[in-house]
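Readers should treat all values here as calculations from the given coordinates under stated rules, not as data from a laboratory. Everything numeric here is computed off the predicted structure, so don't read it as measured data. Note that each Cβ is placed from the backbone with ideal geometry, even for glycine, and that neighbours are counted across all protein chains shown.
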Amino acid sequence: MSYKERFDRWIFNSFTVSAEGLALLRIFTSLFILLFLIPGMSMSHFGFLSSLPNDFYSPPPGPLRLLEGFPPLAVFQISHTILVISLFAMLIGYHTKWASILTGILILFLQGFIYSIGKVNHEIVIPLVPVIMAFSNWGVAYSVDCRRKTDSIKPESWPLTLLALFIAVMMFTAGFPKILGGWLDPSTQAAQGHLFNQFFIRERQALLAGRAVGFDHALFWELLDWFTVLFEVGFIMALFKASWFRLFVGLAVVFHFSTMMALNIAFLPNFLAYVVFLNWDKVYASIRSATIKTSGIRGPKSGKWTVYLFTGILMFLFLPIKWVSINGYALSQTDLMLHEFIVVTSAFLFIVILALVKVIEKIRKTPDK
Amino acid sequence: MSRKTVRTLFIALLIYLPLQYAVVGIVGYYDAEPWPAFVFPGFKSVYVYDDGFEITRTVFDVETVHRQRSHDMSPQVLFPEIPLSQIPGFVRTHFSDDESVQNISEDGKAWLRSNAADIAGFTPNAMHIIELTEYYRQTGDGAVLDMAIETGRITILF
């Protein structure tokens, strides 16, 4: 096989997608951003930004340095409103490609101002996912768009490879500085040092943080330093095989769950990118077969009911979590939001169950000696 | 998109992404981390000394004339609207060197004073930005603060 063919196979055949699976992913992504990841979470944060004196406007090097201060609140209000509309358009699949791209651009625009107080948060995956997935044609099924003539439009899998490339490179950028910073030096326990910093300075003291601070075993913390670096740098190697990449995504969920339990940092935006690599075709097939079994509806109608049921389940799960979070029912001794804790813990449990099912399947398949 | 266009896009990104990482490193070293950039946080610092850990903390101490009334507060208390994840960067950018603090405009000072007054319950005449370096060591009972040294102090007069 020539290099070009191998390259093509990597780009176009690493992942498989279906129109139905992508439709579920589109609905999940829209609701997840709308309820949990929309920049600023509410308009009050933009009210605060626009009220800040210009002394405290310090944008990072980049396009926002062209401005001298935060724009008036009306600019934020208009952008935020258009963002919500474009997210709804993405949800129902109305001019899906453009709605997805517009969503990404507006998130990027709003994030830029949030970071212009002197600190960039690394949440670029939030705009990246809708922009990249716009090219997967994820609006080709179960959407307003599909009512128009779109026979020539087929779902594309290469955006998943592209997103995998971005994640792998970005993970590498998290791991490489740690090597330079001395994380692999056996005489220093860097993860433990960060735990102390989060615990004492930022007062992130919930969940297992207190126990972790009291757990003084140098070998454990050193192994954690090594695991962190190898895991983050190793993402690059996982890029070349879909099954490896999915394994690393699973490990990433476990990694973020551990980080949340000890350091009270959830990295929720990353989960938006990880969820893309879930086997959405299988999710669709499972819900559809359950729909057929329980309702007896067959044929194309069962597909529609599958999507309604999926959307209903998501709303049923997401809305109460959001309600609890915005009403201030929060975890004490930390700034970790309750919805972050619930989502990350659920993802962790899901990965554990998935791993157990895989192990059981493997054991069953092994022939008796 | 045609296959050829997609292939070209991948080749371009395979070249661009490592290059942008290098640029982020260089610009970050001389100025600040650029944005937008396709990077995740490095957390490269290792807060370690001998057999313990060294942590730097900033405290905002406000007072009236002759220190008749005073109140110290952490940055997260003084700036409650700023997410905790952005507090260290905000403090480092605006309050870590004397020159930038003294250059804060009257509007900026009024905003700081009003924020501090809301928290302290009195209108301060001065604000001290104190940098403390704390040294922790591990004992059988957990982490214990060994000592805290004041490593910097900047004063704003209102």
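Measure of size requested: the Rg and Dmax of segment A:216-369, with Cα atoms as the atom set and Å as the unit; please supply both.
19.2, 60
Could you please rank A:W158, A:W10, placing first whichever residue has the fewest other Cβ atoms within 10 Å of its Cβ?
On the way: A:W158 24, A:W10 18.
Least crowded to most crowded, the residues run A:W10, A:W158.
Ranked from highest to lowest mean number of other Cβ atoms within 10 Å per residue, what is the order of the peptides A:124-131, A:66-73, A:182-189?
A:124-131, A:182-189, A:66-73
In Å, the Kirkwood hydrodynamic radius of segment A:1-98 over pairs of distinct alpha carbons?
Values: mean 1/r = 0.0588 Å⁻¹.
It works out to 17.0 Å.
Using a Förster radius of 51 Å, what is the FRET efficiency between B:D141 and A:Y3 based on their Cβ-Cβ separation? Nearest 0.05, please. Display every interim value, and only then the final one.
Details: r = 61 Å, r/R0 = 1.19.
After rounding to 0.05, the efficiency reads 0.25.
Determine the alpha carbon to alpha carbon distance for each of A:K97/A:K241; A:K154/A:K241; A:K178/A:K362; A:K241/A:K358; A:K241/A:K322; A:K282/A:K358 and list only those over 26 Å.
A:K97/A:K241; A:K178/A:K362; A:K241/A:K322
May I ask you to list the aspartates and glutamates whose Cα is less than 15 Å away from that of A:K304, ignoring any residue fewer than eight positions away on the same chain?
A:E20, A:D145, A:D281
In whole Hz, with x marking every Gly and Pro, tabulate ³J(HN,Hα) for segment B:127-137 from phi via Karplus 6.51 cos²θ - 1.76 cosθ + 1.60, θ = phi - 60°.
10, 9, 9, 10, 9, 10, 10, 10, 10, 10, 10
Looking only at other chains, what is the average number of their beta-carbon atoms within 10 angstrom of each beta-carbon in B:77-83? Could you put the intermediate results ahead of the total?
Working: counts 0, 0, 3, 1, 8, 9, 8.
Counting Cβ atoms of other protein chains within 10 Å of each residue's Cβ and averaging gives 4.
If you count, for every residue in A:176-183, the Cβ atoms of partner chains within 10 Å of its Cβ, what is the mean?
On the way: counts 4, 9, 5, 2, 3, 5, 4, 5.
Going residue by residue through A:176-183 and averaging, the value is 5.
Taking R0 as 35 Å, what FRET efficiency do you get between B:I15 and A:D185 from their Cβ-Cβ distance, rounded to the nearest 0.05?
Details: r = 33 Å, r/R0 = 0.94.
Taking R0 as 35 Å, the efficiency between B:I15 and A:D185 is 0.60.
Quick check for me: using +1 on Lys/Arg Cβ and -1 on Asp/Glu Cβ, what's the dipole size of the protein assembly as shown about its Cα centre, in debye to the nearest 20? Mind showing how you got there, number by number?
Working: 41 positive and 40 negative charges, 723 e Å.
Result for the protein assembly as shown is approximately 3480 debye, rounded to the nearest 20.
Rg (Å, one decimal) plus Dmax (Å, integer) for the alpha carbons of segment A:110-230?
According to the Cα coordinates of segment A:110-230, Rg and Dmax are 21.3, 65 Å.
Kindly rank B:51-63, B:119-131, A:18-30 from highest to lowest mean number of other beta carbons found within 10 Å of each residue. Present the calculation step by step, with values, prior to reporting the outcome.
On the way: B:51-63: 19.4, B:119-131: 17.3, A:18-30: 23.5.
Top of the packing list down: A:18-30, B:51-63, B:119-131.
Enter the angle in degrees (range 0 to 90, nearest 10) between the Cα long axis of helix B:106-120 and the first principal axis of the Cα atoms of chain B, meaning the one along which they spread out most.
Roughly 60 degrees, rounded to the nearest 10.
Please compute the volume of the convex hull spanned by the alpha-carbon atoms of the protein assembly as shown and report it per residue in Å³. Walk me through the intermediate numbers first.
Details: hull volume 101.6 nm³, N = 527.
Convex hull volume per residue, Cα atoms: 193 Å³.
P(r) of segment B:52-157 in 5 Å steps, Cα pairs, percent per bin?
2, 12, 20, 23, 19, 12, 7, 4, 2, 0, 0
Can you tell me the orientation of helix B:3-30 relative to chain B, as the angle in degrees between its alpha-carbon axis and the longest Cα principal axis, to the nearest 10?
30
Sorted from largest down, give the three principal axis spans of the alpha carbons of segment B:1-44, whole angstrom values.
Sorted from largest, the Cα extents of segment B:1-44 read 40, 18, 15 Å.
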